[in-house]
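To start, the structure under review is shown below, and the notes come after it.
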Amino acid sequence: MKTIFSLEGKVILITGASSGIGKAVALQCAAAGATCIITARNEMRLQETFDGLRGEGHKMVLADLSSLLGVNILLSHILGKIDGVVACAGIVETKILKFTEEEDLMRLFDTNAFSSIRLIRELVQQKKLQNGASVVMISSISGTKCGYIGGALYGATKGALEGFAKATALELSPQRIRVNTIVPGMIETPLLEGSEIGSEELEADKLRYPLKRYGHPDEIGYASVYLLSDATMWMTGTSLLIDGGYTLN
């Protein structure tokens, strides 16, 4: 039975869909009835996500959104208008500021900030968003709520998304297009598994969360479905905090 939270009949674009949060968002959107267009750089992992999508009519597009060429390749595969987009593409790198170089700065901003900003700009300029569409960007508590040693550049990229979302929410409001961010705490993803942080250190860090665990990618997927659904038609320019209570400390 279709409910206010259903995505049935909606076409949703998900970036960074090959793993982690992006993959979970794609799977949950499809489960909620959406027709999904998924994109990422890793073909093998993106195919795994595609194969797991419930329903028919989905599309998979291999593209590198860190360049305008990559964005235009993606948009050339979108023939009509879409009802929503979830920008999940991102990387995590930890490095003390005095040891960072220009390449670090550009790599993080290209992937975490410019790719999403460029995509939304092109969707607007090419009139690919339906009136009443929903734009969701995955931010981080590191962007606006708290910092950590070695996270200056990463936090700056996420803070950039927050500022972009609020201004864009105002600019697109005449078309009833909503723009919101999701602000997660630490999420159990392959990015975390591949980090240099030891298992004992991770377990100790989990205890700093009032709910004594990290979040799961699916939980960000559920939040994305909520923001994409008609249940949030009067919600824009908002940052949805999902951090297991971490920022209460």
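The values are calculated or read from the model by the stated rules, or taken from the named source; none is laboratory data. These numbers come from a predicted model, not from an experiment. Cβ sites come from the backbone with ideal geometry, for glycine too, and all protein chains shown count toward neighbours.
Of the residues making up segment 1-36, those that are among the β-branched types (Val, Ile, Thr) and buried (at least 24 other Cβ atoms within 10 Å of the Cβ) are Ile12, Ile14, Thr15, Ile21, Val25.
If you scan segment 195-230, which residues turn out to be among the aromatic types (Phe, Trp, Tyr) and over 30 Å from Cys36 (Cα atoms)? Full working, then the answer.
So the first thing to find is which residues in segment 195-230 are among the aromatic types (Phe, Trp, Tyr), and the list is 209, 214, 222, 226.
Result: Tyr209, single match.
Looking at Ala231, Ala223, which one is under 28 Å from Ala31 (Cα atoms), of a type in the set (Gly, Ala, Ser) and surrounded by fewer than 15 Cβ atoms within 10 Å (Cβ to Cβ)? Before the answer, list the steps.
On the way: Ala223 fails: surrounded by fewer than 15 Cβ atoms within 10 Å (Cβ to Cβ).
Just one listed residue meets the conditions, Ala231.
So which helices (runs of 4 or more DSSP H) are wholly in segment 74-174 and hold at least 1 residues that are of a type in the set (Asp, Glu)? By residue number, 102-109, 115-125, 152-172.
Applying a threshold of 8 Å to beta carbon distances and a minimum spacing of six or more residues, or different chains, the list of pairs starting in segment 83-99 at a residue that is closer than 17 Å to Asn180 by Cα and touching a residue at least 60 places away in the same chain (Cβ under 8 Å) and ending at one that is among the charged types (D, E, K, R) and surrounded by 15 or more Cβ atoms within 10 Å (Cβ to Cβ) reads Asp83/Lys10; Gly84/Lys10. Would you say Ser67 is surrounded by fewer than 17 Cβ atoms within 10 Å (Cβ to Cβ) and over 22 Å from Ala156 (Cα atoms)? For Ser67, the condition - surrounded by fewer than 17 Cβ atoms within 10 Å (Cβ to Cβ) and over 22 Å from Ala156 (Cα atoms) - is not met. Of the residues contained in segment 197-218, one or more are found to be in a strand (DSSP E or B) and either within 19 Å of the chain's Cα centre (by Cα) or surrounded by fewer than 17 Cβ atoms within 10 Å (Cβ to Cβ) (or both). If you go through segment 127-162 and pick out every residue that is touching a helix residue (DSSP H, G or I) at 6+ places or on another chain (Cβ under 7 Å), farther than 19 Å from Ser116 by Cα and either surrounded by 20 or more Cβ atoms within 10 Å (Cβ to Cβ) or of a type in the set (A, V, I, L, M, F, W, C) (or both), you end up with 3. Of the strands (runs of 3 or more DSSP E) that lie entirely inside segment 5-66, those containing 1 or more residues that are closer than 21 Å to Arg118 by Cβ, in contact (Cβ under 8 Å) with a residue 24 or more places away in the chain and hydroxyl-bearing (Ser, Thr, Tyr) span 11-15, 35-40.
With respect to Asn112, determine if the residue is surrounded by fewer than 14 Cβ atoms within 10 Å (Cβ to Cβ) and at pLDDT 90 or above. No; evaluated as a whole, the condition is false for this residue.
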